[in-house]
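The structure under discussion appears below in the form of structure tokens.
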Amino acid sequence: MNKLNILLAASEVVPFAKSGGLADVSGALPKALRALGHDVRVVMPRYYVIDKEKYGLKLLEGSLGVPMGIMGEAWAGVYEGVLPGSDVPVYFIEHEGFFGRKGLYDEDGEGFGDNDNRFIFFSKAVMQLAKKLHFKPDVIHANDWHTAPIPVLLNTTYAHDENFKNTGTLLSIHNLEHQGKFYKGAMDVLDVGWSHFNANELEEHDAVNLLKGGIVHADAINAVSKKYAQEIRTLEFGWGLNNLINEKSYKLYGILNGVDYDEWSPAVDGFIAQAFDVDAMSGKEVCKTQLQKDFHLPVRADVPLIGLVGRLAEQKGIRLLASAIWDLMDLDIQIVLLGAGEKWAESFFSEIAAKFPEKFACYIGYRNDLAHQIEAGSDMFLMPSLFEPCGLNQIYSLRYGTIPIVRATGGLDDTIQNYDNIHRSGTGFKFYDATPEALSGTVKWAVDVYTHDYEGFKQLQVNAMQKRFDWIEAAKGYEELYAHIIAGRKNAMHT
Ligand code: ADP
Ligand code: GLC
């Protein structure tokens, strides 16, 4: 395959700034594309939390002018660094007014009132930066609503720009729930002309919907798992855009995310008490003991320990868990939860921990080291999501021999195979109904296998630990899709 110029724009990138899986993907995919020989570059905002010294960021000469419609011209500084462990350039768009704040999108759960301007600015800055660098992308890969304006800009403001003469666009949808819906005045900042404020492009119920605009204008859309790519075409998972997505299904793909095994593997994980692997599992017991100690739970090797890590958002099935918890607390199990988000959930699970100190422990907050330690020390990992575009934690869990208990939706369904006790095949336990009974029934099943069919459970661990979801394979899927986008653009130019 010819070397491609790829510009990946994202609102969060590991290790610089992260709120969820989008950051994992935008930190890992570019490295894999680079390994395949492409000239890939990443652009993200320079949030206040990003330490310039720590990452050795260098200020590029000259500022970047970003036309912001009725707000006039805004000016950005640009810093340059690399994705650690690679030579992939990362450009950071700096603007004190927009990004010089504590949170990425919100402060204490309250979304910033100017998120429309912040990410329209960022999207435009990506375009202006490419021009400044004389970087002519074959493909710009946008991600979620924050950078969804890019395909719109490319087809409007920059339609006749020499720099983008051969540029196509891919929009990855990591989560359709969040669409970037704003007061229609944002059109005057986007400044692509009010003619694009219509029900077939950027308008929805008299408001601007940035993701919708991106879906319409991108050359292709990717929905991070095959199952999710199907689900978003339905009323249940479509968040109001299912009809549009159905209409655009000819350009809809479902390339599954990969995992960065340099980061998430018990054989090399620097955060865990003792390394282990499929042929040397004693370290896992050490990790379990350590986890029980750290969370002040009784240290017992025989009790099944269930881990949970994730944003405490409705998406993650936290209400199902809250309803099932009384049932679960009747079992001889331990649960360790790490997460932050919905205030009701933070206080509810803290209260459960106070009520059942021998069985339930939690840490409310964001801690990467703890996320690794929970993956390593738990016997099982619970993800009862209502919807899950891909989900990464269940894939990390597989590698750590921590058997996933998941609801069969989106990427969870695609990545986990149900246990079959006759053949001792499968990699986890799945349930289908979004009910507390299905959740607790499936936990009971898993606990029963752990307690009464330990050989079967051990085999599940072996099956799980041998599975691989390498980024390089996923990157080959993207490579093919980029090539397809480019070919499509060329054909369109000749017709
Ligand atoms: P989503 O992107 O919907 O949040 P994913 O499963 O794709 O879900 O990715 C979540 C990522 O964020 C994982 O890498 C997970 O370990 C991490 N994560 C989520 N919440 C926390 C937390 N409270 N502390 C540490 N890491 C977290
Ligand atoms: C989103 C989804 C999650 C997915 C991640 C990375 O935040 O909620 O399922 O794994 O993006 O694609």
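The values are calculated or read from the model by the stated rules, or taken from the named source; none is laboratory data. Note that the structure is a prediction, hence the values are computed from the model and not measured. Here Cβ is always computed from backbone atoms with ideal geometry, including for glycine, and neighbour counts include all displayed protein chains. Accessible surface is based on the protein model in full, side chains and every heavy atom, while ligands, DNA and RNA are left aside. Shrake-Rupley method; radii C 1.70, N 1.55, O 1.52, S 1.80 Å.
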### Task
For region 1-64, just the Cα atoms, rotate onto the principal axes and tell me the three extents in Å, largest first.
39, 32, 19
#### Entry: Carbon plus sulfur fraction of accessible area for the chain, probe 1.4 Å, in percent
51 percent
### Summary
Within region 322-428, DSSP-loop GluC sites (Glu not before Pro) with at most 15 other C-beta atoms within 10 Å are Glu358
### Message
Using amide H atoms built in the peptide plane, which far-off residues or other-chain residues are under 5 Å from Gly254 H to H?
### Response
Ala223
### Summary
For region 392-462 the chymotrypsin sites (Phe, Trp or Tyr not before Pro) that pass both the DSSP coil test and the at-most-13 other-Cβ-within-10 Å test are Tyr432
### Task
Throw me the Rg/Rh for region 282-468, computed over C-alpha atoms with Kirkwood Rh, two decimals.
0.92
### Query
How big is the shadow of the Cα convex hull of region 341-441, averaged over all directions, in nm²?
7.4 nm²
### Query
By how many nm would the segment from Asn421 to Trp75 lengthen if fully extended, with 0.36 nm per residue of separation less the alpha-carbon distance?
118.4 nm
### Task
Net charge near Leu153: determine it from the other residues with C-beta under 13 Å of the C-beta of Leu153, scoring Lys and Arg +1 and Asp and Glu -1.
-1
### Message
Quick query: amide H of Leu59 versus all other amide H atoms, modeled in the peptide plane; which residues come in under 5 Å with a sequence gap of 5 or more or a different chain?
### Response
Glu80
### Message
Please list, ordered by chain and number, the residues whose modelled amide H lies under 5 Å from the amide H of Ser172; skip anything fewer than 5 residues away on the same chain.
### Response
Ala142, Asn143, Asp144, Asn222
### Query
Hey, what's the chain come to in accessible area per residue, 1.4 Å probe, Å²?
40 Å²
### Message
Sequence gap at least 6, Cα distance under 8 Å: using those rules, report the relative contact order of region 282-468 to the nearest whole percent.
### Response
21 percent
### Cleavage-rule hits (trypsin sites (Lys or Arg not before Pro)) in region 151-193: DSSP loop, at most 16 neighbouring Cβ within 10 angstrom
Lys165
### Task
For region 38-180, count the residues as N, evaluate 2.2 N^0.38 Å, and divide the Cα radius of gyration by that value, please.
1.03
### Query
So, by mean Cβ neighbours within 10 angstrom, what's the order for 255-262, 380-387 with the highest one leading?
380-387, 255-262
### Query
With θ set to phi - 60° and the Karplus curve 6.51 cos²θ - 1.76 cosθ + 1.60, what are the ³J(HN,Hα) couplings of region 455-462 in order, to the nearest whole Hz, using x for Gly and Pro?
4, x, 5, 4, 5, 4, 4, 5
### Message
Over the Cα atoms of region 306-396, each weighted equally, I'd like the Debye log10 I(q)/I(0) at q = 0.11, 0.19, 0.21, 0.25 Å⁻¹, rounded to two decimals.
### Response
-0.27, -0.86, -1.08, -1.58
### Task
Using every pair of alpha-carbon atoms in the chain, split the distances into 20 Å bins beginning at 0 and state the percent of pairs per bin, rounded to integers.
23, 54, 21, 1
### Where the Cα pairs of region 397-486 fall when distances are cut into 5 Å bins, in %
3, 13, 21, 20, 15, 10, 7, 6, 3, 2, 0, 0
### Query
What percent antiparallel are the DSSP beta bridges of region 282-468, to the nearest 5?
5 percent
